[in-house]
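Undergrad: Questions regarding the structure given below will be posed in turn.
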Amino acid sequence: MAENYQVRWFEVTDSTNDRLLADRFSLPDGAVYAALFQTAGRGQRGNSWKSASGLNLMFSLLLRPSGLPAAKQFAISEAITLGITDYLASRGAESRIKWPNDIYCGERKICGILIENSLKGDKVADSVIGIGLNLNQKEFDPSAPNPTSLTLLTGLSYPLEDELQALLSCIFKRREALSNPLPEALTQLEQEYLGRLYRLGEWHGFIDCRATGDNLTPTTEEIPGRRFTGRITGLAPGGLLRIETEHSGDEKGEAIDFAFKELRYIL
């Protein structure tokens with residue numbers, strides 16, 4: 001491998017994201033904190049991230065994307081998710097990006113991502129990205145709705161430190177677009193993101209949570225909200241997800257743009 005990324009490993013920590021957030025002002029761009037076990041790992045929507053000790057990749061990455069406008073901050077999600085899917089492809093696992101930034105292999109989740117951006121004026125000052133990638137785990141907590149791991153997909157086992165270096169290499173190749181002054185770089189990034197988007201252009205069931213204020217994690221039928229059939233057609237400005245709803249009786253379909261927490265997939 002051409003690069004050797006500097007990683008600080010912890011045998012046990014509460015949350016790599018919390019620790020990196022606390023230390024970020026004294027750390028350089030590209031700093032990485034990784035842990036064999038987290039006692040308080042965090043996922044999206046304030047939920048916990050549970051992982052067996054020493055089996056998976058649990059780490060946080062500090063990025064300072066020079067000059068990235070705050071209005072374009074969703075490009076960070078695009079770069080990170082594309083880097084992870086690049087890595088999985090190199091290991092023989094086809095994957096898709098479930099908006100905004102979960103990674104699925106088939107109908108099962110292999111990776112969760114938590115991105116916490118800090119702004120300075122109209123620019124992104126820094127971004128702390130927490131990544132949990134199921135690598136070697138074979139048995140999961142029954143409360144996890146649909147997990148899988150790389151070892152379940154391939155039958156192989158993977159050394160954590162080597163695989164983290166390989167994954168970081170893929171991510172840092174993608175992050176180059178974030179500091180590229182040419183607008184075409186971010187346009188290309190979005191096009192590739194859409195090309196790997198889970199359920200793009202397919203008719204599926206969703207739950208519209210805009211009126212309920214729901215911010216629960218489980219993507220099940222029990223979540224309150226208006227259920228509808230629609231298909232993902234692309235992204236709206238700011239990284240919102242655009243969905244075309246199905247015609248229903250005399251009602252015409254419409255295009256709706258959903259923000260994070262306003263939509264749930266029915267799996």
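Values in this text are rule-based calculations from the coordinates and carry no lab data. These figures come from a predicted structure and were not determined experimentally. So basically every Cβ, Gly included, is an ideal-geometry build from the backbone, and we count neighbours across all protein chains shown.
Undergrad: For the range 113-126, take each phi angle, set θ = phi - 60°, evaluate the Karplus expression 6.51 cos²θ - 1.76 cosθ + 1.60, and give the result in whole Hz per residue in order, putting x for glycine and proline.
TA: Residue by residue, the range 113-126 yields 9, 10, 10, 10, 9, 10, 10, 10, x, 9, 10, 7, 7, 7 Hz.
Undergrad: While we're looking at this one, here's another question. Mind listing the phi-derived Karplus ³J(HN,Hα) values for the range 198-206, rounded to whole Hz, using 6.51, -1.76 and 1.60 with θ = phi - 60°, and x for any glycine or proline?
TA: Result, ordered by residue: 4, 6, 4, x, 9, 7, 8, x, 9 Hz.
Undergrad: OK, next. For the pair Glu94 and Ala211, what calculated FRET efficiency results from E = 1/(1 + (r/R0)^6), where r is the Cβ-Cβ distance and R0 = 30 Å, to the nearest 0.05?
TA: Values: r = 36 Å, r/R0 = 1.21.
It comes out at approximately 0.25.
Undergrad: Mind checking which of Ala22, Phe260, Leu197 is farthest towards the positive end of the chain's charge dipole, using Cβ charges of +1 (Lys, Arg) and -1 (Asp, Glu) about the Cα centre?
TA: Projecting each Cα onto the dipole axis, the largest value belongs to Ala22.
Undergrad: With each pseudo-label sitting 7 Å past Cα toward Cβ, what's the Asp122-Ala255 distance in nm, one decimal?
TA: 2.5
Undergrad: Once the Cα gyration tensor of the chain is diagonalised, what are the square roots of 5 times its eigenvalues, in whole Å and ordered largest first, as equivalent ellipsoid semi-axes? Please report the intermediate quantities before stating the final value.
TA: On the way: eigenvalues 174, 102, 63 Å².
In descending order, the three semi-axes are 29, 23, 18 Å.
Undergrad: Right, something else. Mind listing the long-range amide H neighbours of Asn146? Cut-off is under 5 Å, sequence gap 5 or more, other chains count too, H placed in the peptide plane at 1.01 Å from N.
TA: Lys109
Undergrad: According to a simple spin-label model (label point 7 Å from Cα along Cα-to-Cβ), what is the distance in nm between Phe10 and Phe25?
TA: That separation, rounded to one decimal, is 1.9 nm.
Undergrad: Sticking with this one: Out of all Cα-Cα pairs in the range 97-246, roughly what percent, to the nearest whole number, are more than 21 Å apart?
TA: Details: 6443 of 11175 pairs.
Here the long-distance tail beyond 21 Å is 58 percent of all Cα pairs in the range 97-246.
Undergrad: Something else about it: Apply the membrane-span-like helix rule to the chain: whole DSSP H runs, Cα extent along the own long axis of at least 18 Å, mean Kyte-Doolittle hydropathy at least -0.5. List the helices found. Mind dumping the intermediate values first?
TA: Working: long enough: 74-90 (25 Å, 1.04); 160-175 (22 Å, -0.06); 183-195 (19 Å, -0.64).
Both cut-offs are met by 74-90, 160-175.
Undergrad: Now a separate question. Whose amide H sits under 5 Å from the amide H of Phe10, counting only residues 5 or more places off or on another chain, with H placed in the peptide plane?
TA: Long-range HN contacts for Phe10: Ala34, Ala35, Leu36.
Undergrad: Enumerate the calculated ³J(HN,Hα) couplings along the range 252-267 in order (Karplus 6.51 cos²θ - 1.76 cosθ + 1.60, θ = phi - 60°), each rounded to whole Hz, writing x wherever the residue is Gly or Pro.
TA: In residue order, the calculated couplings are 7, x, 9, 9, 10, 9, 10, 8, 4, 6, 9, 9, 10, 7, 9, 9 Hz.
Undergrad: Pick out which of Ile207, Ile76, Ile129 has the largest mean-square fluctuation in a Gaussian network model of the chain, springs linking Cα atoms closer than 10 Å.
TA: For the chain, modelled as a Gaussian network with Cα springs under 10 Å, the answer is Ile207.
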